[in-house]
Amino acid sequence: MRSKKILTFVFAIILCLGCFTGCSRKNDAADIHVFYYTYSDPYISTVRAALDRELDAAGISYQDHDGNNNQTTQTEQVQTAITKGAKMIVVNIVTTGSDDAATGIVNLAKNAGIPVIFFNREVSDGIVQSYDKCAFIGTDAKEAGYLQGDMVGDYVVKNYNAVDLNGDGKISYVLFMGEKGNNEAIYRTQYSVENANKKLEAAGKPKLVFYDSANKDGYLLDRDGKWSAQAANEYMTTILASYNSQNKNMVELIICNNDGMAEGAISALSSAGYNTGSEGSVTVPVFGVDATSAAVSLIGANKMAGTIKQDADGMAKAIMKTVDNGINSRGILDGMTDYNIDDNVSKVRISYSVYLGEEK
């Protein structure tokens with residue numbers, strides 16, 4: 001009798017394993033490939049972790065790819081994945097300055113008859129409209145610039161005398177742009193200053209003044225196009241050698257188009273004795289975009305003034321919905337009624353929000 005019970009128990013386990021294996025085979029057939037422009041971007045790393053969790057929870061087989069900020073590398077990765085039978089591709093494209101790379105990737109997906117989702121780094125409406133199994137998931141590039149400018153303006157108006165370190169009645173600033181030709185960088189650069197100046201003018205204060213009068217652009221560019229902490233750190237270290245408290249021309253405000261560059265700037269400031277977080281130390285307000293965990297910690301430590309939250313979890317969840325639609329042969333945006341979607345083009349928008357810390 002006991003032997004019979006044991007055999008029944010073993011048989012039940014085999015049945016369960018068979019079901020599990022069958023489900024795994026079904027999910028393996030989905031074969032999702034996700035292509036990131038670079039793993040080294042702090043915000044993209046957060047999206048990757050969130051999307052991996054979503055895919056793991058759904059039991060979907062997937063593979064991540066690091067483009068290492070090289071479009072040729074990424075395009076070759078896409079070609080290889082499709083040749084090996086990818087059922088769907090999700091692309092955080094490297095090159096955003098022209099449609100050429102995105103067009104090539106869409107054509108590869110179209111020829112294979114598989115869905116393609118672009119995310120975070122925006123492609124043109126024409127690219128998305130060229131294929132009925134294509135969509136883009138990201139933010140409204142202008143929104144971050146608007147919010148960043150309002151955040152900076154509100155802070156400076158409220159704390160004008162404290163920000164005006166040399167007491168000359170005007171605020172000098174540095175702006176780290178990031179990548180030339182990228183829409184997010186362009187709009188953040190434009191509106192962060194424009195909207196801040198609107199706030200200042202409404203309060204009867206002078207406009208912000210770029211620290212280097214010889215620089216007519218009004219921003220500093222990461223020459224490698226990587227939005228990197230290292231580039232911002234090197235720039236800031238050089239700036240502080242000439243523009244400092246001792247010379248009474250200290251830079252008084254730093255605007256960064258992502259939190260990685262804000263980290264780099266703060267590291268240089270801290271090395272020079274500023275933004276240490278200790279009571280009584282001189283703190284230059286530094287603003288960023290993304291609300292990475294590092295930026296949140298810096299804000300909590302009073303080393304950074306604020307950031308604009310780009311919702312990595314929200315973006316991952318939206319991508320996951322399109323993946324679910326794609327592997328189940330539904331319309332690519334089916335059931336996404338809770339999202340803001342552009343008119344006449346399959347572009348899903350994830351909203352930004354201001355983050356000033358838990359108690360600010």
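The number of residues in the stretch 80-106 that are of a type outside the set (S, T, N, Q) and in a loop (DSSP other than H, G, I, E, B) comes to 8. Would you point out the residue of the stretch 137-154, among those that are part of a helix (DSSP H, G or I) and surrounded by fewer than 21 Cβ atoms within 10 Å (Cβ to Cβ), that is farthest from the chain's Cα centre (by Cα)? My answer is ASP154. Looking across the stretch 195-217, the residues that are surrounded by fewer than 16 Cβ atoms within 10 Å (Cβ to Cβ) and under 22 Å from ALA144 (Cα atoms) come down to LYS198, GLU201, ALA202, LYS207, VAL209, ASP217.
The set of residues in the stretch 155-184 that are under 16 Å from ILE254 (Cβ atoms) and surrounded by 20 or more Cβ atoms within 10 Å (Cβ to Cβ) comprises TYR155, VAL156, LEU165, ILE171, SER172, TYR173, VAL174, LEU175, PHE176, MET177, GLY178.
Checked against (1) in contact (Cβ under 8 Å) with a residue 60 or more places away in the chain; (2) touching an Asp or Glu at 6+ places or on another chain (Cβ under 7 Å); (3) within 30 Å of TYR191 (Cα to Cα), SER124 meets all criteria but (1). For the stretch 226-235, the criterion of a residue being in contact with a Phe, Trp or Tyr (Cβ under 8 Å, 6 or more places away or on another chain) and assigned to a loop (DSSP other than H, G, I, E, B) is satisfied by no position.
Criterion applied to GLN63, GLN77 was being in contact with a strand residue (DSSP E or B) (Cβ under 7 Å, 6 or more places away or on another chain), at pLDDT 95 or above, in a helix (DSSP H, G or I) and under 23 Å from LYS110 (Cα atoms), and the one residue passing it is GLN77. If you go through the stretch 256-299 and pick out every residue that is touching a residue at least 60 places away in the same chain (Cβ under 8 Å), closer than 19 Å to ASN244 by Cβ and out of contact with any strand residue (DSSP E or B) (no Cβ under 9 Å at 6 or more places or on another chain), you end up with 1.
Determine if the stretch 210-217 includes at least one residue that is part of a helix (DSSP H, G or I) and either within 24 Å of the chain's Cα centre (by Cα) or not aromatic (Phe, Trp, Tyr) (or both). So far as the stretch 210-217 goes, no, none of its residues is part of a helix (DSSP H, G or I) and either within 24 Å of the chain's Cα centre (by Cα) or not aromatic (Phe, Trp, Tyr) (or both). Counting only residues that are of a type in the set (Asp, Glu), out of contact with any Asp or Glu (no Cβ under 9 Å at 6 or more places or on another chain) and either surrounded by 14 or more Cβ atoms within 10 Å (Cβ to Cβ) or under 23 Å from GLU143 (Cβ atoms) (or both), the stretch 271-294 holds 0 of them. Looking across the stretch 304-343, just one residue is more than 30 Å from ALA262 (Cβ to Cβ), touching a residue at least 24 places away in the same chain (Cβ under 8 Å) and surrounded by fewer than 17 Cβ atoms within 10 Å (Cβ to Cβ), and that is ASP324.
The values are calculated or read from the model by the stated rules, or taken from the named source; none is laboratory data. Every value quoted in this text rests on a predicted model; they were computed, and no experiment measured them. Ideal geometry is used to build each Cβ from the backbone, glycine not excepted, and the neighbour counts take in all protein chains shown.
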